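Presented below is the structure to which this report refers.
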Amino acid sequence: MILETSTLPTQKSKEIAALIETLNQTQKRLEELTAGEVDSIVDREGHAFFLRRAQEELRQSESARQAAILNALPAQVALLDAEGVIISVNESWGQPGTANVLQGPGFGVGQNYIEICEQVMGDCSQEGQAAARGIRQVLEGEAGEFSLEYPCHSPTEKCWFRFTVTPVSSDHLAGAVVMYVNISERMVADEQLRSKTALLEAQLDSTLDGILVVNNEGKMILQNKQMIDLWNQPADIAVEIDHRRRLKWITSQVKNSKKFSERVAQLYARPDEIARDELELINGKYLDRYTAPVIGRDGKHFGRIWVYRDITERRRAAKELDELSIRTARRERLLSTALASMSDFAQIYDQSGHILFVNQPLLDLWGLTLEEVLGKNLSELGYAPELANKLNRQLQSVFETGQEVTDETPYTSPTGATGYYEYIFSPALSAEGKVDFVVGSTRDVTQRKTAEVEIRFNEQRYRSLVQATTAIVWDTPASGEFTAEQPGWTAFTGQSFEELRGWGWLNAIHPEDRAETVRVWSAAIAQGSSYEVEHRMQVPDKTYRNMLVRGVPILGEDGAIRQWIGIHTDITERKKLEHQFLRAQRMESIGTLAGGVAHDLNNILAPILMSIEILKLTTKDPDTTEILKTIETSAKRGADIVRQVLSFARGLESQRIEVQPKHLLGDVESIIKGTFPKNIQFEISVPRDVWTIEGDPTQIHQILLNLSVNARDAMPNGGKLAVIVENCVLDEHYSAMNLQAKAGRYVAINVSDTGSGMPQRIIEKIFEPFFTTKELGKGTGLGLSTVMAIVKSHGGLINVNSEPGKGTTFKVYLPAMGNSSQTPEEDDVSQLPRGNGQTVLVIDDETSILTITGRTLRAFGYKSLTAVDGAEGVAMYAQNANDIAVVVTDMNMPIMNGMATIRALLRMNPMMKIVAASGLNVNGDAEKLAEMGVTNSLVKPYTAEALLSALHQILKTPSNAAGGALHGQ
Amino acid sequence: MSRDPRFKFRLYVAGETQNSARANANLTAFCAAHLPHRHEIEVVDVLQEPRRAMADSVFMTPTLIKLAPKPNRRLIGTLSQPQLLLETLGLET
């Protein structure tokens, strides 16, 4: 307690005054000493005493600072003490124009502001009451602070104020600061914000989106119904102006809360950012969130708008679509891979024939990429116009009819691959059954085709082979019956397919052979072994041929029999030969036997013959003599037969002695006359100076006999048989013509008849052993072959000339004895008559004769022209008529024979000199020729001598009509 | 690694009075200029912590005490003379 100064005892007051003075002096002195640099003094107990100046400063600065702060505030601030009395105010407090509810008289300093507020009347009385209450609460520490916003509009403008009460100190009651802030600007801004979004409000309820606008202070400016529903905001959250609470609730609804809050904070922190993202709520909903700043007309930033859209469905649909497209893509990939791995070429076409798809192998074949072919038609892809048209037509038909089309075609691709392709166009149907598109599948069958072609070629070859072979080739399936046409069999047997099919072919087999055939064939089929049998088969003329049959099974890849292939070979001839061979063997053995028998018989006959001789001598009775003669004849005949048999049995062991032809012929004559039928005329001619033959008389006898017998057999109705013997020199020229002959001297025996003659093809065969034109059993067929053998063994040769209907002449040349006593002078070649350069035309169908004759002529001083047939001869003569001196023509030529040729020549030139060369030595022709005036003739084969002398002869005579003897050299 | 010693200062002030404020400013500037990165300044307000003034036998503000390196030195005033400061702190070159 401080006493008043007047009542203080003097001593105390004096002391106080002195202390104060001391204090003052001290302060002054301290300041001097410290040059004003010291602010305060600190005593021993740590209390600081501010020096005067510092105090002053403090006070000043303190208050100045306070005042500055207070005045700087865009608010009206008043400081109240603990009772609510205004201690101080700032400049703004009480300013006119600041429509302050508590505009009271004066600034109110010293007044109790609580009371002022309570006493406010009028519009703002409620606010006043609230303010008073708030102040009291803060002063009494009941509330940490109080704030109130309220409008206070003037007639001219809208005003809002924010009234706050804040305690001075938080830990003890020391008064409060009340502040009014004019928030009109902000409120106006907020209203602007609201009007700005008013446009949206109209759409808000019609939109499906949830819209929320929050201002910069975190207040929810607006939110539409969808926003509430979208989030399912509970009622208390829905009405919340303070967005922070809502935000907290919203955050709890979101799946990734932390991320969500961070993002939201980020967005609020960057007012200008526009963003869009998606939220997943814990209830499974998906929301699309869009947010943007809200900027006022004046460019000021007011807040942020949030737009939410429910995309749950869309998301689900998208997910399904995703999955679907994944599945589809997978299926497509599978399909593509399958198509690509196919070695076949796949295509897909649309209605207009354009390509929808093509697989890789086909792209490779074309040498194109998928992009290059899509949508194109085949005609644009290098297909030949015809092929493209055909394919397009086929595609169209599939579209129209819904039926698939199969075909094959050769094709060369743009890459140069040539081949054969098989293809199918198949329709792909839509759900309604219409053809949506066509799938083409193409396969390279080039190999198969070439294989087919080869198979066909081989089959062709096989068939040709079959046809070419003279045997019958047949085939059956494994069952062994004929199931297919057998051309060879049909041709051979005359059986038609119907007749031979199945087991019908057995009917062509000789009945006696059928059983065996069936047995062997069935066994072969059963065992799968090869089949061999002989049987007789009937040919269309009803005769049977002997057939050797062989069949083999053809195995398939599995080892089972696929078919039988067989051959029938005609072995009839062979069988005949076999027969004949057997017969010959039989004959031989018989011969041997006969030889023995004959020998015995000979011995038996000899005494008989001898006895007859004796008896002939002793008897004079004519009858007895007659009988004896008969007996002798018989016996002799017997002897002859024996001899013949003997000679045959003995074979051809021969001796070489001098044989007199005369004697030989004598023997033959007697036999012939004795045994031959009477209707055969017999003529024998042997010249006196005939040479002797070096040979075996028996064998030569045999020759004559055989030939004579043949001649006889050729004249069943009679005729003339002539045996003419003559000397013959075969010169080099002749031997050139006739290969069998060695040059030298020969005795020629000509046996000719006027019988039936033989055609050329028989002549070729007559010397073959066993060949006979007679029936089986008549004649051995050995006659002529024996003759040939004998002739050959003598070193001679034999010729035949025959004309059917005219007769036959056999010419046998046997070598003459070397040193015959009757050897005629050797013909000196130089003595042969030569020509004088005359041209001779030689006509003969044998070119060898033409050649030799030509040479001979030229060698002997003639010129020669040759012609190979009558027509050519006539032509040659026509060309060279003046030159040709004489014509030598063969009589026996095909087509235009000698007779016709001669006639033609004589027509051209009646004085023509013609020599007729003929192989036949019989009369018929000679008479005719003589009638025509052709009297010169040559007997074929002719020696050079004969030719030259004939020419010499004819050329000597002035004309050919002059008679000339028949030359026969 | 500086071999120079680290300076430790303690500045006693009385609130926000002018001199005290000036002293603080001057000290800070001085340290920044002459003792970069090797000084420590502790400001003690006697109004807030009167007992510390007693402990250090401080009876005027502003007072600067150099605690390190030894020897301890004491300066009273606004520290407006850098030369004097240098001498007192033994930092003359």
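The values are calculated or read from the model by the stated rules, or taken from the named source; none is laboratory data. This one's a predicted model, so the numbers in the text were calculated from it and none came from an experiment. With ideal geometry, Cβ positions are generated from the backbone for all residues, glycine too; neighbour counts draw on all protein chains shown. Remember, those area values only see protein heavy atoms, side chains included, never the ligands or the DNA or RNA. Shrake-Rupley method; radii C 1.70, N 1.55, O 1.52, S 1.80 Å.
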How many residues, within the range A:881-919, are over 18 Å from A:Thr957 (Cα atoms) and either in a helix (DSSP H, G or I) or open to solvent by less than 40 Å² (accessible area, probe 1.4 Å) (or both)?
-> 18
Could you tell me whether any residue of the range A:218-240 is open to solvent by 30 Å² or more (accessible area, probe 1.4 Å), assigned to a helix (DSSP H, G or I) and touching an Asp or Glu at 6+ places or on another chain (Cβ under 8 Å)?
-> yes
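Given A:Ala875, A:Ala885, A:Ala881, which one is among the aliphatic types (A, V, I, L, M) and free of Cβ contacts under 8 Å to residues at least 24 places away in the same chain? Break it down into steps so the answer makes sense when it comes.
Details: A:Ala885 fails: free of Cβ contacts under 8 Å to residues at least 24 places away in the same chain; A:Ala881 fails: free of Cβ contacts under 8 Å to residues at least 24 places away in the same chain.
Unique residue meeting the criteria: A:Ala875.
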Determine whether B:Arg22 is within 14 Å of the chain's Cα centre (by Cα), within 12 Å of another protein chain (Cβ to nearest Cβ) and open to solvent by 60 Å² or more (accessible area, probe 1.4 Å).
-> yes
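So, in the range A:11-35, how many residues would count as being within 14 Å of chain B (Cβ to nearest Cβ) and among the small types (Gly, Ala, Ser)? Please lay out each step first, then the result.
Residues of the range A:11-35 that are within 14 Å of chain B (Cβ to nearest Cβ), as a first pass: A:26-27, A:29-35.
After this cut, where a residue has to be among the small types (Gly, Ala, Ser) as well, the list is A:35.
Total meeting the criteria: 1.
Can you tell me which residue in the range A:515-534 is most open to solvent (accessible area, probe 1.4 Å), limited to those that are in a helix (DSSP H, G or I) and touching a residue at least 12 places away in the same chain (Cβ under 8 Å)?
Here is the first cut: in the range A:515-534, the ones in a helix (DSSP H, G or I) are A:515-527.
Narrowing the set further to residues that are touching a residue at least 12 places away in the same chain (Cβ under 8 Å) leaves A:516-518, A:520-522, A:524-525.
Working: A:Glu516: 83, A:Thr517: 0, A:Val518: 49, A:Val520: 28, A:Trp521: 4, A:Ser522: 50, A:Ala524: 4, A:Ile525: 41 Å².
Applying the filter and picking the extreme gives A:Glu516.
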Options A:Glu32, A:Glu4; residue that is at pLDDT below 75 and open to solvent by 90 Å² or more (accessible area, probe 1.4 Å) = A:Glu4
List every residue pair whose Cβ atoms sit under 7 Å apart, with the two residues 6 or more apart in sequence or on different chains, where the first one lies in the range A:752-765 and is free of Cβ contacts under 8 Å to residues at least 60 places away in the same chain and farther than 17 Å from A:Val709 by Cβ and the second, anywhere, is open to solvent by less than 20 Å² (accessible area, probe 1.4 Å) and of a type in the set (S, T, N, Q).
-> A:Ile763/A:Ser802
Please work out which one of (1) buried (at least 21 other Cβ atoms within 10 Å of the Cβ); (2) of a type in the set (A, V, I, L, M, F, W, C); (3) more than 10 Å from chain A (Cβ to nearest Cβ) is the condition B:Ile65 fails and give its number.
-> (1)
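Sort out which residues of the range B:25-38 are surrounded by 15 or more Cβ atoms within 10 Å (Cβ to Cβ) and more than 14 Å from chain A (Cβ to nearest Cβ), and write them in order of number. Quick ask: steps written out before the conclusion?
Here is the first cut: in the range B:25-38, the residues surrounded by 15 or more Cβ atoms within 10 Å (Cβ to Cβ) are B:26-28, B:30-31, B:34-35.
If the condition is that a residue be surrounded by 15 or more Cβ atoms within 10 Å (Cβ to Cβ) and more than 14 Å from chain A (Cβ to nearest Cβ), then B:Thr28, B:Phe30, B:Cys31, B:His34, B:Leu35 are the ones that fit.
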Restricting the range A:545-564 to residues that are among the charged types (D, E, K, R) and under 29 Å from the mean Cα position of the chain (by Cα), the one modelled with the lowest pLDDT turns out to be A:Glu557
Leading residue by the ranking (most open to solvent (accessible area, probe 1.4 Å)) among those in the range B:68-88 that are in a loop (DSSP other than H, G, I, E, B) and within 13 Å of another protein chain (Cβ to nearest Cβ) | B:Gln81
With respect to A:Ala523, determine if the residue is farther than 13 Å from A:Leu548 by Cα and over 40 Å from the mean Cα position of the chain (by Cα).
-> yes
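Go over the candidates A:Thr328, A:Thr401, A:Thr412 one by one and state the one that is among the hydroxyl-bearing types (Ser, Thr, Tyr) and closer than 26 Å to A:Lys449 by Cα. Explain how you work it out, then say what you get.
Working: A:Thr328 fails: closer than 26 Å to A:Lys449 by Cα; A:Thr401 fails: closer than 26 Å to A:Lys449 by Cα.
It is A:Thr412.
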Among (1) facing another protein chain (nearest Cβ under 10 Å); (2) outside any helix (DSSP H, G or I); (3) of a type outside the set (Asp, Glu); (4) open to solvent by less than 40 Å² (accessible area, probe 1.4 Å), where does B:Ala53 come up short?
-> (2)
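Could you check the range A:425-507 for helices (runs of 4 or more DSSP H) lying wholly inside it with 2 or more residues that are modelled with pLDDT of 85 or more?
Details: elements: A:446-468, A:487-493, A:497-500.
In the range A:425-507, A:487-493, A:497-500 are the helices (runs of 4 or more DSSP H) which contain 2 or more residues that are modelled with pLDDT of 85 or more.
Can you tell me which residue in the range A:36-60 is nearest to B:Thr63 (Cα to Cα), limited to those that are assigned to a helix (DSSP H, G or I) and within 7 Å of chain B (Cβ to nearest Cβ)? So that I can check it myself, show each step before the final result.
Start the filter on the range A:36-60 by keeping residues that are assigned to a helix (DSSP H, G or I), which leaves A:52-60.
Now restrict to residues that are within 7 Å of chain B (Cβ to nearest Cβ): A:54, A:57-58.
Details: A:Ala54: 15, A:Glu57: 19, A:Leu58: 18 Å.
The selected residue is A:Ala54.
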